[in-house]
Amino acid sequence: MSPVFPMLTVLSMFYYMCLRRRARTATRGEMNSRRAIESNTRALPINVEIVQYAKEVLDFSSHYGSENSMSYTMWNLAGIPNVYPSSGDFTQTAVFRTYGTWWDHCPSARLPFKRTPTTFCSQDYVELAFEEPVYPTAVQILETYHPGAVVRILACSANPYSQNPPAEVRWEILWSEAPTKVNGPQARQFTPCIKQINFPTNLIRLEVNSSLLDYYTELDAVVLHGVKERPVLSLKTSMIDMNDIDEDEDEEKYGCGMDTLNKQFSIVTLREWPTNGYFDKLPYELIQLILSHLTVPDLCRLAQTCKLLYQHCCDPLQYIHLSLQPYWARINDTSLEYLQSRCTLIQWLNLSWTGNRGAISVSGFSRFLKVCGSELVRLELSCGHFLNETCLEVITEMCPNLQELNLSSCDKIPPQAFNHIAKVGSLKRLILYRTKVEQTALLSILNFCSELQHLSLGSCVMIEDYDLIASMMGAKCKKLRSLDLWRCKNITESGIAELASGCQLLEELDLGWCPMLQSSTGCFTNLARKLPNLQKLFLTANRSVCDTDIEELAANCTHLRQLDILGTRMVSPASLRKLLESCKDLSLLDVSFCSQIDNRVVLELNANFPNVFIKKSFTQ
């Protein structure tokens, strides 16, 4: 046989595999830019490109601003740019609540869930609606201060302005990348290379991770480019990556693999193998330990290999701690139903960001908790917009051992529903940030949940009298260690006095943007004297903080690690030096917009106290 013949056969097979792979990929409507079939992406036929700014902000997980204003809120992302191309700190931009890793190193920090896939790093999100559904060709993000936080861009098949909701809501990742450190805080136009999808969209979601940033990222506008007709890629290819012919490539990055939950966990018939390999010789506990390092989609896949591993993958001990947040786009009632029998011993459950747009129903959530809620200790439900009063009632009835409940940004729950939380007397952590909890319900919760150690009431605008709330905390919540009162508009020195007298174990207190507090009343010096264990104190945007307050902190709160006095005009460099010399553990000091602290002073303090991150923001 001619030696040429085998070579032709191999080339023919290679060509066939490439075409097969290309056809399969094109059927899904995606040419992934990271893997590379790289082509000269000439679209046929040529469509007129539509360029549009976001019409409306539909949903978001957090923002720096107030619920009753536009400054630093996500709503600033709607419409044309307000600031770009200028750089700096501007109130007309969209700003998320946190940045850096400071929030992971304070008393209120929560332990992370194990088995979270390394590919999921999103901390916050915002969803934007556009006027016209298009096939996206580009997404431009105008970042005006400390860029680099965006880690994922997704498109949704649902039209938020359609009168007929779709039978199925699909999310496709247009672009994703691990967090990166951007040199410099200057403004930029970020236009990543996005992949092509097979449906038109006018709903775009940005997910961010600000952990590598030195300050808050600020976004000004988002521009969606697209065409009305689906582009058809040219058949010419300039290069084919060898990896692209791998049938077993991981196409389920970032949670897309959760489609397999409903199919793979429900499989009854398994392949018959004569043996289970060497796994038959391993102790049961050792196999369990090995499998504990797998993500949930990997458990789904492994369950199909043999009966022995199916038994291990379905063991409730594998689901003591379960986070479904990385797979939020794929979780629905069917997913919860298939997980029920495996979650009978579950203690930590994270359903944050899941269930929106009808994916999880009240009945589906209730059925799951009735089977799996008895051992629950921690329940994360941040941004769960399917939650209503029935859901909270089921939680309080079915989860008698619950100690931690996160309802952050669950702004669809009606005010009266929060009364049910008072029935969970074992609660130690309660997060109600950006909820509609009202005063009567909160007083009832504080009265009956005396074990509370961590409480977040940031941006809770339905509370009429925070002094009364603070008085109840001082009387009933003696074990309180962290308290978030961010943007509580009406708390005064009276409430602070009651709080400081009754909650002397406090280690963390956020009083940022509380305009009724005035240093002249002695409220801050009283705090410093009564709360010697303080590690984190935020007095953000309180113009009255003065040298006396700083000196009292230096004398009494020597364990202080984080201090934010952004915006004060009354603090001098001398008092800051005393603070830095006294508080040896101080790691964060925000003096942005402090009129007496100029850049020269910051440079001097940085040189003398190199272990402290001293932040001085600016505006151009």
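The values are calculated or read from the model by the stated rules, or taken from the named source; none is laboratory data. Computed from a predicted model, the values in this text were never measured in an experiment. For neighbour counting, all protein chains shown are included, and Cβ atoms are generated from backbone atoms with ideal geometry for every residue, glycine included. We work out accessible area using only protein heavy atoms, side chains counted, and drop any ligands, DNA or RNA first. Shrake-Rupley method; radii C 1.70, N 1.55, O 1.52, S 1.80 Å.
Just a few scattered comments:
- Label-point gap, in nm, between L345 and D214 - each point 7 angstrom along Cα→Cβ: 4.9
- Inter-label distance, M462 to V48: 4.8 nm, where each label sits 7 Å from its Cα along the C-beta direction.
- Three principal axis extents of region 49-227 based on alpha-carbon atoms, in descending order, are 46, 41, 33 Å.
- Integer Hz, Karplus 6.51/-1.76/1.60 couplings in order for region 307-314, x for Gly and Pro: 5, 4, 6, 4, 4, 5, 5, 9
- C-alpha center-to-center spacing [region 452-486, region 64-135] in angstrom: 25
- The label-point distance for T116 and N401, in a model that sets each label 7 Å from Cα toward Cβ, rounds to 2.4 nm.
- Backbone amide hydrogens, once placed in the peptide plane, bring E131 within less than 5 Å of K55, excluding anything fewer than 5 places away on its chain.
- Residues whose amide H falls under 5 Å from that of S544, counting only those 5 or more places apart or on a different chain, are S519, with hydrogens built in the peptide plane.
- Note on T521/Q304: beta-carbon distance plugged into 1/(1 + (r/R0)^6) with R0 of 56 Å gives a FRET efficiency of 0.25.
- Relative to the Cα centre, the charge distribution of region 505-611, modelled as +1 at Lys and Arg Cβ and -1 at Asp and Glu Cβ, gives a dipole magnitude of about 100 debye.
- Ordered from highest to lowest accessible area with the whole protein assembly present and a 1.4 Å probe, Y145, Y135 read as Y135, Y145.
- FRET efficiency estimate (nearest 0.05) - Cβ-Cβ, N490 to K578, R0 30 angstrom: 0.40
- The distance linking region 574-598 with region 362-441 is 40 Å (Cα centroid to Cα centroid, whole angstrom).
- Whole-Hz Karplus values for region 52-63 come out as 9, 8, 4, 7, 7, 9, 8, 7, 7, 8, 6, 7 Hz, taken residue by residue from phi with 6.51 cos²θ - 1.76 cosθ + 1.60 and θ = phi - 60°; glycine and proline positions read x.
- Local electrostatic count at W353 - Lys and Arg +1, Asp and Glu -1, tallied over other residues with Cβ under 11 Å: -4
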